[in-house]
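Trainee: Dumping the structure here so I can ask a few things about it.
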Amino acid sequence: IRVCAAEVASLSLTHQPVEVMHCLEDAINQVSAQLQKKKIILRMDIPDNQFALKGDEDAIIQVLYNLMDNALGASREGGEVDIIMREQTGKPNNFLMISVADSGPGIPAEDIQRVFQRMYSEDKVPIQGISDEGVGLSIVKSICENLGGRVWVDSEVGSGSVFTILL
C-alpha cells in the first residue's frame, strides 16, 4: 500500500523530529528472531552522538526493517550484517547516511538496475543476492524519495551488497 501510494504521490508522511536510534532499535527488535535463527553477527558502527532528523518515524522504521530483513535473508547462516551510520554535512541541511552491508553472494552487475523495482509477477527472474521478491526494497526506495532522500546499492558478486540511504 505504501509503495502504491508513494508512486501516485499521495503518501502523506509527517516531517517531525525523529530519533534515529529509537527507529534502529525497533527495527532490530523486529528481526532479532531471524538474527538468532541464522546465527548472524550484527555489527554496528555508529558514532556516540545522537542522530535526529525530520521525517516520519514509522516510515523510517519500515525502511530500516526492510534493509535489515533483506541483508539477513541474503546472508548465509553464520554470516555478518553491518550497520554504519554517518552524518554528512551539506547546505542548507546536514544529511544522515545509513548503510546496511550483508555477507550474501552479491548482485550481478546486470541486475543492479532491477533491485528497487517491484517484482510481483511470476515471469520476473529472481535477483541473486536479494532476499525477497523485491517488494521490501521498492518500499525503501519509495519512502526515501518521499522523504526527500535517496537509496542506492553497491555490490560485487562474491562480496555481498551494501545498501545505503541518505535522508
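Trainee: Of these, Asn49, Asn70, which one is assigned to a loop (DSSP other than H, G, I, E, B) and modelled with pLDDT under 95? Working first, answer last.
Mentor: Numbers: Asn70 fails: assigned to a loop (DSSP other than H, G, I, E, B).
Matching residue, one of Asn49, Asn70: Asn49.
Trainee: Scan the stretch 39-52 and report the pairs whose first residue is farther than 18 Å from Tyr65 by Cβ and whose second residue is assigned to a loop (DSSP other than H, G, I, E, B) and open to solvent by 50 Å² or more (accessible area, probe 1.4 Å), with Cβ atoms within less than 8 Å and a gap of 6+ or a chain change.
Mentor: Sorted first by the residue in the stretch 39-52, then by its partner, the pairs are Lys39/Glu77.
Trainee: Let me ask you something else. Hey, can you tell me all the residues within the stretch 49-65 that are closer than 11 Å to Ala27 by Cβ and either surrounded by 23 or more Cβ atoms within 10 Å (Cβ to Cβ) or of a type in the set (Ser, Thr, Tyr) (or both)?
Mentor: Hits for the stretch 49-65 are Ile60, Val63, Leu64, Tyr65.
Trainee: Would you call Val63 part of a helix (DSSP H, G or I) and in contact with a strand residue (DSSP E or B) (Cβ under 9 Å, 6 or more places away or on another chain)?
Mentor: Taking the combined requirement at face value, the residue satisfies it.
Trainee: Taking the stretch 15-32 only, how many residues are open to solvent by 60 Å² or more (accessible area, probe 1.4 Å) and modelled with pLDDT under 95? Quick ask: steps written out before the conclusion?
Mentor: As a first pass, look at the stretch 15-32 and keep what is open to solvent by 60 Å² or more (accessible area, probe 1.4 Å): 15-17, 19, 22, 25, 29-30.
Then drop every residue that is not modelled with pLDDT under 95, which leaves 15-17, 19, 22.
Counting residues in the stretch 15-32 that are open to solvent by 60 Å² or more (accessible area, probe 1.4 Å) and modelled with pLDDT under 95 gives 5.
Trainee: Moving on. Whether any residue in the stretch 73-81 is part of a helix (DSSP H, G or I) and without any contact (Cβ under 8 Å) to a residue 12 or more places away in the chain is what I want to check. If you could, list the steps in order and put the result at the bottom.
Mentor: First pass over the stretch 73-81, keeping only residues part of a helix (DSSP H, G or I): 73-74.
Now narrow it down to the ones that are without any contact (Cβ under 8 Å) to a residue 12 or more places away in the chain: none.
No, that holds for no residue.
The values are calculated or read from the model by the stated rules, or taken from the named source; none is laboratory data. This structure is a prediction, so every number in the text was calculated from the model and none was measured. A quick note on method: Cβ atoms are made from the backbone with ideal geometry, for glycine too, and the neighbour counts reach across all protein chains shown. What goes into the accessible areas is simple: the full protein's heavy atoms, side chains included, and nothing from ligands, DNA or RNA. Shrake-Rupley method; radii C 1.70, N 1.55, O 1.52, S 1.80 Å.
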